[in-house]
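Student: Handing you this structure, nothing more for now.
The values are calculated or read from the model by the stated rules, or taken from the named source; none is laboratory data. Keep in mind that this is a model prediction, so the values were computed, not measured. Glycine also receives a Cβ, built like all others from the backbone with ideal geometry; neighbour counts cover every protein chain displayed.
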Amino acid sequence: MQRIYDLTIPFDGDDLDVVHIRFPNTTKPLAPCEAGTIVYVFAPGELTVCPYLVFAARSPQSQHDPAEFIVGNIFTDPDIAARLDAYRFRDRYQVGANPTCQACSLERACGKGCPAAVIASGQRIGAVDAEVCPVTTAQRHHLPVLPAVRA
């Protein structure tokens, strides 16, 4: 990842913004989760506070149920607006609820990273987003390689 970063950073300038998403860093606090500030509707009508939370929860190693992040269905739930207004991700889940984050010198400035990445790594929301955390000593989790399933 560092090599990719080093190769692409020279292209960052006035005419092109290079955005390194989910790249490990060594100094900056993590960005906050945007769950609930933007919504996504799946083709069958399910409204979610973040599609990445649903995708991650569907992974084999997930400890979360995808339904936790689906507010309702725009086609079948007449109260979908009220459901969306009532869904408070930050009230339901405490991102960064672990000893590493709580003891970190960057804690007040840190957004605690991406809960979907935490879920995809097989952890529960609240664990360290170790893949990109600049201070963790936790082992970096790698997703398992699974064989393709043909339908």
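Student: In region 31-49, what residues are at positive phi and out of contact with any Ser or Thr (no Cβ under 8 Å at 6 or more places or on another chain)?
Tutor: Our first condition is that a residue be at positive phi; within region 31-49, this holds for 36, 45.
Scanning region 31-49 gives a single hit, Gly36.
Student: Condition check: surrounded by 17 or more Cβ atoms within 10 Å (Cβ to Cβ), in contact (Cβ under 8 Å) with a residue 24 or more places away in the chain and either touching a Leu at 6+ places or on another chain (Cβ under 6 Å) or on the phi > 0 side of the Ramachandran plot (or both). Does Val71 satisfy that? Quick ask: steps written out before the conclusion?
Tutor: Values: surrounded by 17 or more Cβ atoms within 10 Å (Cβ to Cβ): yes; in contact (Cβ under 8 Å) with a residue 24 or more places away in the chain: yes; either touching a Leu at 6+ places or on another chain (Cβ under 6 Å) or on the phi > 0 side of the Ramachandran plot (or both): yes.
Against the criterion (surrounded by 17 or more Cβ atoms within 10 Å (Cβ to Cβ), in contact (Cβ under 8 Å) with a residue 24 or more places away in the chain and either touching a Leu at 6+ places or on another chain (Cβ under 6 Å) or on the phi > 0 side of the Ramachandran plot (or both)), Val71 qualifies.
Student: Does region 1-41 hold any residues that are in contact (Cβ under 8 Å) with a residue 60 or more places away in the chain, surrounded by 11 or more Cβ atoms within 10 Å (Cβ to Cβ) and over 27 Å from Tyr87 (Cα atoms), and which are they?
Tutor: Quick first cut of region 1-41, residues in contact (Cβ under 8 Å) with a residue 60 or more places away in the chain only: 22-33, 35.
With surrounded by 11 or more Cβ atoms within 10 Å (Cβ to Cβ) added as a condition, the list becomes 22-25, 28-33, 35.
Matches in region 1-41: Phe23, Pro24, Asn25, Lys28.
Student: Let me ask something additional. Looking at Phe89 and the list (1) loosely packed, with under 14 Cβ neighbours inside 10 Å; (2) within 16 Å of the chain's Cα centre (by Cα), which single condition is not satisfied?
Tutor: Of (1) loosely packed, with under 14 Cβ neighbours inside 10 Å; (2) within 16 Å of the chain's Cα centre (by Cα), only one is false for Phe89: (1).
Student: Additional query: Which numbered condition trips up Tyr52, out of (1) part of a helix (DSSP H, G or I); (2) of a type outside the set (S, T, N, Q); (3) modelled with pLDDT of 95 or more; (4) buried (at least 19 other Cβ atoms within 10 Å of the Cβ)?
Tutor: Tallying (1) part of a helix (DSSP H, G or I); (2) of a type outside the set (S, T, N, Q); (3) modelled with pLDDT of 95 or more; (4) buried (at least 19 other Cβ atoms within 10 Å of the Cβ), Tyr52 fails exactly one: (3).
Student: Here is a further query. Sort through Pro29, Pro99, Pro60 and tell me the only one that's out of contact with any Gly (no Cβ under 6 Å at 6 or more places or on another chain) and farther than 18 Å from Lys112 by Cβ.
Tutor: Just one listed residue meets the conditions, Pro60.
Student: Go through (1) in a helix (DSSP H, G or I); (2) under 24 Å from Cys110 (Cβ atoms); (3) among the β-branched types (Val, Ile, Thr) one by one and return the number of the condition Thr27 breaks.
Tutor: Only one criterion in (1) in a helix (DSSP H, G or I); (2) under 24 Å from Cys110 (Cβ atoms); (3) among the β-branched types (Val, Ile, Thr) is unmet by Thr27, namely (1).
Student: Another question about this same structure. Suppose the filter is of a type outside the set (Gly, Ala, Ser), modelled with pLDDT of 90 or more, surrounded by fewer than 11 Cβ atoms within 10 Å (Cβ to Cβ) and touching a strand residue (DSSP E or B) at 6+ places or on another chain (Cβ under 9 Å); does Asp79 pass it?
Tutor: The answer is yes for Asp79.
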